[in-house]
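Enquirer: Before anything else, here's the structure in question.
The values are calculated or read from the model by the stated rules, or taken from the named source; none is laboratory data. All figures in this text were calculated on a predicted structure; none of them were measured in a lab. Note that each Cβ is placed from the backbone with ideal geometry, even for glycine, and that neighbours are counted across all protein chains shown.
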């Protein structure tokens, strides 16, 4: 699988989602239904394989069932990547890459998706998205036509119904250099608490460069802390 990281259970219907963050080693020859994309980054960068990841959703059978139904809930992509890559019909208001953290609200049923991104951060930082989830089987079978490194091939898979901007939106965007990971809510679901991990993590340690530049000064640049350093870089 393409780097499974988080699993979460939808409290409304018991379905399980797993985030597949990305896989730079995926090639056309070893795609399968659950890991169906192998493509080059459409912006001309060196990334390839499945750089934007996806979320697999499955529904357990009843009783002592030994099988389950499943589909691909969402496929990460930039909105202008083309229909063969942007399988979920994402737009500029909800496109994302590298889904990592997954969490369902007990109070509202909203599925929160957090990213740890290496493929879309040339456009925006890691983010938190809010989705109103459907259910397994609400979409259709599709054929993914892959082309990478001179090799081509097709793979049949199952994709959930397009959510559109009404059911999937970017909720917040983190500071530069920070993964968004971990979330909790108040009992009524009206307040959420979101972890911002390691802002400015790519900043060099003090003393390693004569011209010392921070990749991020958050939260001090937002008025939430003393001094000029972010909270992460080692000294």
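Enquirer: Is it true that some residue in the range 126-139 is touching a residue at least 60 places away in the same chain (Cβ under 8 Å), in contact with a helix residue (DSSP H, G or I) (Cβ under 6 Å, 6 or more places away or on another chain) and under 16 Å from residue 54 (Cα atoms)?
Expert: Looking through the range 126-139, none of the residues is touching a residue at least 60 places away in the same chain (Cβ under 8 Å), in contact with a helix residue (DSSP H, G or I) (Cβ under 6 Å, 6 or more places away or on another chain) and under 16 Å from residue 54 (Cα atoms).
Enquirer: Can we say residue 101 is modelled with pLDDT of 95 or more and surrounded by 22 or more Cβ atoms within 10 Å (Cβ to Cβ)?
Expert: Numbers: modelled with pLDDT of 95 or more: yes; surrounded by 22 or more Cβ atoms within 10 Å (Cβ to Cβ): yes.
So residue 101 fits the description; yes.
Enquirer: Provide a single number: the residues in the range 140-159 that are buried (at least 18 other Cβ atoms within 10 Å of the Cβ) and under 16 Å from residue 72 (Cβ atoms).
Expert: Of the range 140-159, the ones buried (at least 18 other Cβ atoms within 10 Å of the Cβ) are 144, 146, 148, 155, 157-159.
Applying the additional criterion that residues be under 16 Å from residue 72 (Cβ atoms) yields 144, 146, 155, 157-159.
Counting residues in the range 140-159 that are buried (at least 18 other Cβ atoms within 10 Å of the Cβ) and under 16 Å from residue 72 (Cβ atoms) gives 6.
Enquirer: Given the residues 63, 84, which is the only one that is assigned by TED's automatic domain parsing to the domain that holds residue 193 and either in contact with a strand residue (DSSP E or B) (Cβ under 6 Å, 6 or more places away or on another chain) or modelled with pLDDT of 90 or more (or both)? Give the steps one after another, and end with the answer.
Expert: Values: 63 fails: either in contact with a strand residue (DSSP E or B) (Cβ under 6 Å, 6 or more places away or on another chain) or modelled with pLDDT of 90 or more (or both).
Result of the check over 63, 84: 84.
Enquirer: Which residue out of 187, 175 is assigned to a loop (DSSP other than H, G, I, E, B), touching a residue at least 24 places away in the same chain (Cβ under 8 Å), more than 21 Å from the chain's Cα centre (by Cα) and not assigned by TED's automatic domain parsing to the domain that holds residue 219?
Expert: Numbers: 175 fails: more than 21 Å from the chain's Cα centre (by Cα).
Matching residue, one of 187, 175: 187.
Enquirer: Kindly provide the set of residues from the range 7-56 that are in contact (Cβ under 8 Å) with a residue 24 or more places away in the chain and farther than 26 Å from residue 121 by Cα, ordered by number. Break it down into steps so the answer makes sense when it comes.
Expert: Going through the range 7-56, the residues in contact (Cβ under 8 Å) with a residue 24 or more places away in the chain turn out to be 7-29, 31-43, 45, 47-56.
Those that are in contact (Cβ under 8 Å) with a residue 24 or more places away in the chain and farther than 26 Å from residue 121 by Cα: 9, 10, 11, 12, 13, 14, 15, 16, 29, 32, 33.
Enquirer: Going through 167, 176 one at a time, which residue ends up being at pLDDT 80 or above and touching a strand residue (DSSP E or B) at 6+ places or on another chain (Cβ under 7 Å)? Please lay out each step first, then the result.
Expert: Details: 176 fails: touching a strand residue (DSSP E or B) at 6+ places or on another chain (Cβ under 7 Å).
None of the others qualify; the one that does is 167.
Enquirer: Pick from 140, 166, 161: which is in the same structural domain as residue 75 (by TED's automatic domain parsing) and over 30 Å from residue 28 (Cα atoms)? Let's see the steps before the verdict.
Expert: On the way: 140 fails: over 30 Å from residue 28 (Cα atoms); 161 fails: over 30 Å from residue 28 (Cα atoms).
One residue alone meets the criteria, 166.
Enquirer: Next question, about the same structure. Among (1) farther than 25 Å from residue 131 by Cβ; (2) assigned to a strand (DSSP E or B), which single condition is residue 17 missing?
Expert: (1)
Enquirer: Could you please let me know if residue 77 is within 12 Å of the chain's Cα centre (by Cα), in the same structural domain as residue 39 (by TED's automatic domain parsing) and farther than 30 Å from residue 187 by Cβ?
Expert: Taking the combined requirement at face value, the residue satisfies it.
Enquirer: Let me ask something else. Is there a residue being at pLDDT 90 or above, in a loop (DSSP other than H, G, I, E, B), surrounded by fewer than 16 Cβ atoms within 10 Å (Cβ to Cβ) and assigned by TED's automatic domain parsing to the domain that holds residue 98 anywhere in the range 192-213?
Expert: no
Enquirer: Within the range 123-137, can you find the residues that are over 21 Å from residue 84 (Cβ atoms) and either outside the structural domain of residue 92 (by TED's automatic domain parsing) or exposed (fewer than 15 other Cβ atoms within 10 Å of the Cβ) (or both)?
Expert: Step one: of the range 123-137, the residues over 21 Å from residue 84 (Cβ atoms) are 124-137.
Within the range 123-137, 132, 137 qualify.
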